[in-house]
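Novice: Shown below is the structure under consideration.
The values are calculated or read from the model by the stated rules, or taken from the named source; none is laboratory data. On a predicted model such as this, the values are computed, not experimentally measured, just so you know. Neighbour counts are summed over all protein chains in view; Cβ atoms, including those assigned to glycine, are modelled from backbone coordinates with ideal geometry. Note: accessible area is taken over every heavy atom of the protein model, side chains too, but ligands, DNA and RNA are not part of it. Shrake-Rupley method; radii C 1.70, N 1.55, O 1.52, S 1.80 Å.
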Amino acid sequence: MSEGRKINLKVPFITRVEGEGALALSAKGDRIDTLHLKIFEPPRLFERFLQGKSYVEVPDLSARICGICPMAYQLTSILAFERLFEVELPAHLVRLRKLMNLGEWLQSHSLHIHFLAMPDVFGVDSALQLADSHGDLLKRGMQIQEAGNTLMRLLGGRSVHPVGLQVGGFSRLPTQNAWDNACVQVDAAIIAADQLLQWCAEQSVPDFSHDFVAVSLQGLEDYPINGGDIITSSGLSMPVDEYPQRFKEHQVSHSTAFYSLLDGKDYLVGPLARINLNYHRLPASVRQRAEQLGLHFPSQNMFDSLRARALECVWALNAARDILKEGCPEGPANVDYQVRAGTCCFATEAPRGLIYHHYTLEDDGTVANCTIIPPTSQNQARIEQDLKQAVMAFGLDKSDLELKHFCEQVIRNYDPCISCSTHFLDFRIKRDN
Amino acid sequence: MALTVAVHKLTSCSGCQLAFLNQGPALLSLMEKVTFVHFIEAGLYDPNTPVDLALVEGSVTTKDDLERLKQVRAHCRYLVTMGACATSGGVQALRNMANVDVWKRAVYARPDFIDTLADSTPVAEHVKVDFELWGCPVTQAQLDQLILQLSRGVLPKDDAEKVCMACKRAQQVCVMVTRQEPCMGPVVRTGCGALCPSFGRGCYGCFGPSEQPNGDSLANRFAGLGLQPEEIVQRFAGIHSHTPSHQAQIKRWQQLIVKEIE
Ligand code: SF4
Ligand code: SF4
């Protein structure tokens, strides 16, 4: 590379799916000066307009933060309120909550794998362009997605902004017919997911391993999904109540999303973080299958996150089948509770990682204030760090187009919303040689 | 000739676009009828090629949204809004009832970093709209119907009948009569097939106002069920707070609150 060559990449418009973003990279010679992932999600001020609303309305409103994981927002707020009201759910309702959660993971993960990530593997812009050449792959993905949607519909009526969840349980229990249909769908998708995992294992993956701290929940026995303590790969373990003490948010001028740091450092949430920290909690059969296919976790290579998603699909479908096998539940759809004032918090694992909610309620259950921390804002600092290291390892001497595609893939490893937008990095490169 | 389609996003949650990507194998057969030209979530970026149909998701909340919307209008034959955000300003229009600067300061420590317009407004307040798809989110059936009609060269007929009608046809038990649930069904347009009542809960209005909504009577009934004026305001200040008929009830009951305080 010529001495003193300057790169000035400006990506003014990463488009706006779930978060409008841009990328700015400037480098001199073989040193990066700045590398910012800018997120311009137009502010929708949710935390403010939830103030003054009754807790009853919160789940339906907060769902509208994200159309891809609405249930994560609904459920996290409901679980926070149930903690405050000291609601004990009977076992069958706890199982149904998990079943619906699994549905959302399946739906979101298969969307990411097939529509957002798979085009990279074949070097095309869009999954829609794969319909003719790789229709079987797409159909297989849609089958997994449909199994997820079926579980969401079973318990929530629809997969985007479902209506079935409420504080105290559900508004109604599923019918036997719908339950039987879900069993059929899930059984068929289990085979599809196993093939998908095999396919993911066969794809060659570039190695950009590096050090990072992973953060996820950890339950008592099972793989984490909607409860448990927060653990980190740096050895911390804390109840969710301590989240605000260790995790601090701050604003930077180039983003409308908050940056979250753990003790001042970036960290990873999401499928790879979960697998890394909870691999031993996967059932032996799922681990064996992974190892048989030559997959190894924990992994410090973000390019393994696709495999992590596929492995979570396999786990989720098996976990769903176990719940479905117990039969369509009978008994109450919800339990009574007493509203009370106070503060409460909860964290669950959304498909894309840890999500934290904190509320203060007045006597009648009106929201006095609230804080909602989604996975994307937690990953933002991590993505920038990764980009810096990965771009250096990849080589600043690569062509503009190669650099652009590479950056897109690095970003896409983290989050399906941002990942799809980065298909369109409109690189403007200024080079001073 | 397949219909050319662009899917655009302004300020929204992406849930409506998901109605396309989430439909499973039906998407493959849909692609025989349409050619997607621009659809970011699906990986296609080509915003300025003229298309037969531009579907717009999301409301206008930034200057950039507005600029982009004008470009969309300039490059399509039919512009159809997709969902509550685009059609009525959506849930984020709740801020239109407040002082945005105060709100921004409440959420962001550095409000000066945030560029936003005072209001969240529907697409039709800014450019000509040929057809509106209500719903938060829109359904697969709405999109199918639209595309079927447009591929025959006509716009669909608007169906604004009430959730109650769908509820009756499904032979569901009325949740307001039997359980005193404050259901918005009598003033909300159907499209969901009365989903919430089928789950035993009241409609919260995610499809927006119906034809000839009798908000006065419904709100009076809510008061009869024991709802306080503030609670009645909250029922109408939901997903479609920016629509005139909902605004009328919000104002009417807010005045009552003020009077009570006085
Ligand atoms: S109308 Fe509802 S589902 Fe559609 S984009 Fe807006 S918030 Fe999301
Ligand atoms: S019943 Fe009302 S709130 Fe429920 S899905 Fe239908 S329109 Fe939306």
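Novice: So which helices (runs of 4 or more DSSP H) are wholly in the range B:46-139 and hold at least 2 residues that are more than 9 Å from chain A (Cβ to nearest Cβ), touching a His at 6+ places or on another chain (Cβ under 9 Å) and modelled with pLDDT of 95 or more? Before you say what the answer is, go through the steps one by one.
Specialist: Values: elements: B:63-74, B:84-88, B:100-107.
The qualifying helices (runs of 4 or more DSSP H) are B:63-74, B:84-88.
Novice: For the range B:241-262, name all the residues that are within 16 Å of ligand 2 (Cβ to nearest atom) and β-branched (Val, Ile, Thr).
Specialist: The answer is B:THR243, and nothing else.
Novice: Next question. So, in the range B:194-218, of the ones that are of a type in the set (D, E, K, R) and more than 13 Å from ligand 2 (Cβ to nearest atom), which residue ends up surrounded by the fewest Cβ atoms within 10 Å (Cβ to Cβ)?
Specialist: Applying the filter and picking the extreme gives B:GLU211.
Novice: Among the residues of the range A:101-111, is any open to solvent by 10 Å² or more (accessible area, probe 1.4 Å) and within 12 Å of another protein chain (Cβ to nearest Cβ)? I'd like the intermediate steps shown before the answer.
Specialist: At the first step, the residues of the range A:101-111 found to be open to solvent by 10 Å² or more (accessible area, probe 1.4 Å) are none.
No - not one qualifying residue is present in the range A:101-111.
Novice: With the checklist (1) within 10 Å of another protein chain (Cβ to nearest Cβ); (2) touching a helix residue (DSSP H, G or I) at 6+ places or on another chain (Cβ under 7 Å) in hand, flag the one item B:CYS16 doesn't pass.
Specialist: Going through the list (1) within 10 Å of another protein chain (Cβ to nearest Cβ); (2) touching a helix residue (DSSP H, G or I) at 6+ places or on another chain (Cβ under 7 Å), B:CYS16 breaks only (2).
Novice: Would you call B:PHE20 more than 16 Å from ligand 2 (Cβ to nearest atom), at pLDDT below 95 and within 19 Å of the chain's Cα centre (by Cα)?
Specialist: Values: more than 16 Å from ligand 2 (Cβ to nearest atom): yes; at pLDDT below 95: yes; within 19 Å of the chain's Cα centre (by Cα): yes.
Criteria met by B:PHE20.
Novice: Which one of these does A:GLU291 not meet: (1) surrounded by fewer than 22 Cβ atoms within 10 Å (Cβ to Cβ); (2) assigned to a loop (DSSP other than H, G, I, E, B)?
Specialist: So A:GLU291 meets the others, but not (2).
Novice: Now, a different point. Can you tell me which residue within the range A:133-184, out of those that are more than 16 Å from ligand 2 (Cβ to nearest atom) and of a type in the set (Lys, Arg), is farthest from the other protein chains (Cβ to nearest Cβ)?
Specialist: Applying the filter and picking the extreme gives A:ARG140.
Novice: Search the range B:171-193 for residues being more than 10 Å from ligand 2 (Cβ to nearest atom) and more than 13 Å from chain A (Cβ to nearest Cβ), and hand back the single one that is surrounded by the most Cβ atoms within 10 Å (Cβ to Cβ).
Specialist: Among those that are more than 10 Å from ligand 2 (Cβ to nearest atom) and more than 13 Å from chain A (Cβ to nearest Cβ), it is B:VAL187.
Novice: Assuming A:THR150 fulfils every condition listed in (1) at pLDDT 95 or above; (2) touching a Phe, Trp or Tyr at 6+ places or on another chain (Cβ under 8 Å) apart from one, which condition is it?
Specialist: (2)
Novice: Identify the single condition in (1) surrounded by fewer than 19 Cβ atoms within 10 Å (Cβ to Cβ); (2) part of a helix (DSSP H, G or I); (3) within 10 Å of chain B (Cβ to nearest Cβ); (4) of a type in the set (A, V, I, L, M, F, W, C) that A:VAL56 does not satisfy, given that it satisfies every other one.
Specialist: The failed condition is (2).
Novice: Looking at the structure I just gave you, is A:PRO329 modelled with pLDDT under 95, open to solvent by less than 40 Å² (accessible area, probe 1.4 Å) and not hydrophobic (A, V, I, L, M, F, W, C)? Can you show your working first?
Specialist: On the way: modelled with pLDDT under 95: no; open to solvent by less than 40 Å² (accessible area, probe 1.4 Å): yes; not hydrophobic (A, V, I, L, M, F, W, C): yes.
Spelling it out, it is not the case that A:PRO329 is modelled with pLDDT under 95, open to solvent by less than 40 Å² (accessible area, probe 1.4 Å) and not hydrophobic (A, V, I, L, M, F, W, C).
Novice: Can you tell me which residue among A:ARG274, A:ARG246 is basic (Lys, Arg) and buried (at least 17 other Cβ atoms within 10 Å of the Cβ)? Walk me through it before giving the result.
Specialist: On the way: A:ARG246 fails: buried (at least 17 other Cβ atoms within 10 Å of the Cβ).
When all the criteria are applied, what remains is A:ARG274.
Novice: Can I ask one more? Residues of the range B:1-34 being part of a helix (DSSP H, G or I), within 11 Å of ligand 1 (Cβ to nearest atom) and open to solvent by less than 10 Å² (accessible area, probe 1.4 Å), which ones? Explain how you work it out, then say what you get.
Specialist: Start the filter on the range B:1-34 by keeping residues that are part of a helix (DSSP H, G or I), which leaves B:18-21, B:26-30.
Filter again for within 11 Å of ligand 1 (Cβ to nearest atom), leaving B:18-19.
Residue satisfying the conditions is B:LEU18 alone.
Novice: Right, here's the next one. Keeping to the range B:185-216, report how many residues are within 17 Å of B:PRO244 (Cβ to Cβ) and either of a type in the set (Gly, Ala, Ser) or within 16 Å of ligand 1 (Cβ to nearest atom) (or both).
Specialist: The total comes to 8.
Novice: In the range B:164-262, which helices (runs of 4 or more DSSP H) lie fully inside it and hold 1 or more residues that are in contact (Cβ under 8 Å) with a residue 40 or more places away in the chain and among the charged types (D, E, K, R)?
Specialist: Numbers: elements: B:175-179, B:195-198, B:215-224, B:229-236, B:244-261.
Filter on the range B:164-262 gives B:215-224, B:229-236.
Novice: A follow-up question, please. Among (1) open to solvent by 40 Å² or more (accessible area, probe 1.4 Å); (2) within 14 Å of chain B (Cβ to nearest Cβ), there is one condition A:THR360 misses while meeting the rest; what is its number?
Specialist: (1)
Novice: With respect to B:LEU146, is the statement that it is within 16 Å of ligand 1 (Cβ to nearest atom) and either in the same structural domain as B:GLY83 (by TED's automatic domain parsing) or assigned to a loop (DSSP other than H, G, I, E, B) (or both) true? It would help to see each step written out before you state the result.
Specialist: Details: within 16 Å of ligand 1 (Cβ to nearest atom): yes; either in the same structural domain as B:GLY83 (by TED's automatic domain parsing) or assigned to a loop (DSSP other than H, G, I, E, B) (or both): yes.
Yes: the conditions hold for B:LEU146.
Novice: Would you call A:GLY164 touching a strand residue (DSSP E or B) at 6+ places or on another chain (Cβ under 6 Å) and under 30 Å from A:ILE65 (Cα atoms)? Before the answer, list the steps.
Specialist: On the way: touching a strand residue (DSSP E or B) at 6+ places or on another chain (Cβ under 6 Å): yes; under 30 Å from A:ILE65 (Cα atoms): yes.
For A:GLY164, the condition - touching a strand residue (DSSP E or B) at 6+ places or on another chain (Cβ under 6 Å) and under 30 Å from A:ILE65 (Cα atoms) - is met.
Novice: To continue, here is another question. Can you go through B:ASP46, B:ASP52 and tell me which one is in contact with a helix residue (DSSP H, G or I) (Cβ under 9 Å, 6 or more places away or on another chain), open to solvent by 10 Å² or more (accessible area, probe 1.4 Å) and acidic (Asp, Glu)?
Specialist: B:ASP52
Novice: Somewhere in the range B:219-240, is a residue more than 10 Å from chain A (Cβ to nearest Cβ), under 17 Å from the mean Cα position of the chain (by Cα) and either more than 16 Å from ligand 2 (Cβ to nearest atom) or closer than 22 Å to A:ARG64 by Cβ (or both)?
Specialist: Yes, because at least one residue in the range B:219-240 is more than 10 Å from chain A (Cβ to nearest Cβ), under 17 Å from the mean Cα position of the chain (by Cα) and either more than 16 Å from ligand 2 (Cβ to nearest atom) or closer than 22 Å to A:ARG64 by Cβ (or both).
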